[in-house]
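Just so it is clear, none of the values below were taken in a lab; they were calculated from the coordinates. Since we're looking at a predicted model, the values are computed, not measured. Every residue, glycine among them, receives a Cβ derived from its backbone with ideal geometry; neighbour counts consider all protein chains shown.
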Amino acid sequence: MSYYRCQPEAFTAAYLHNLRGAIQSCQYFATNNLNRDFIATKGFSVVFTQAGRTEVDRQFPAFKPYLDRALLPHCNAFYLNPLLLNQGSRVDPHIDRSLRSYRKTIEPPEQVSVLYVQVPADLVRGELVLQRGRQQVAQIRPQTGLLLHFQGDLTHSVNAVASAGSRLSLVCEQYCLEAKALWDIPEFLIESRATAPAKTRR
């Protein structure tokens, strides 16, 4: 993969409609649990390993078609989160290492996959910016139905949304961990500010 690749219209409008409804009606959907780089955003997170994938499909059936298509077969740990930005929301530059909550020393994900579930046609700003060090390598305007994959070690950010409407995406960090590191990762765990986490460990 050369920094990133895009698949426009990766899913049907009917699937995206159902996915949007499932996310926004989910009991875990609330002010984001992510770090301070995520300004005025909403969402929740699901941590899982290959062994926990069945539980993800059971609790979040709307995610299954996305996961079936997006997940790399050799990756074994994942950090999945819906991400909602409204006017004034932004994401500051960072490199994903969301599994550091469970293991302090961890490499960035091999790949990050983003499905744009809902994007206003008249969206102003809200672009995803990808950087290698200080060099910008891409600025991607989101489009409804676009499936994007980018290298997990890239610094990335989202420009502040300057228009009304909701920019909703489904993001999955994909890790390929050695057995010792994988042992520290929950098979299935929900992170949310809305309620106590649901957890499954070995």
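List of remarks:
- Prolate/oblate/rounded call for region 38-108, Cα gyration tensor, a/c under 1.5 rounded: oblate
- Dipole in debye (nearest 20) - the chain, about Cα centre, beta carbon charges: Lys, Arg +1; Asp, Glu -1: 300 debye
- With a Förster radius of 22 Å applied to the beta-carbon distance between Glu9 and Asn86, the computed FRET efficiency rounds to 0.35.
- Mean Cβ neighbour count within 10 Å, used as a protection proxy, ranking 97-108, 168-179 highest first: 168-179, 97-108
- Listed candidates (i) -0.24, -0.78; (ii) -0.31, -0.82; (iii) -0.47, -0.93 - label of the one calculated as log10 I(q)/I(0) by the Debye sum over Cα atoms at q = 0.08, 0.14 Å⁻¹: (i)
- Only helices enter the 222 nm calculation for the chain: every DSSP H run of n ≥ 4 contributes -39,500 (n - 2.57), and dividing by all residues gives -4000 deg cm²/dmol, rounded to 500.
- Summary of the geometry: region 94-173 and region 18-57, compared by the centres of their Cα atoms, lie 15 Å apart.
- The count of lysine pairs in the chain that are at least 8 places apart or cross chains, and whose C-alpha atoms lie under 24 Å apart, stands at 6.
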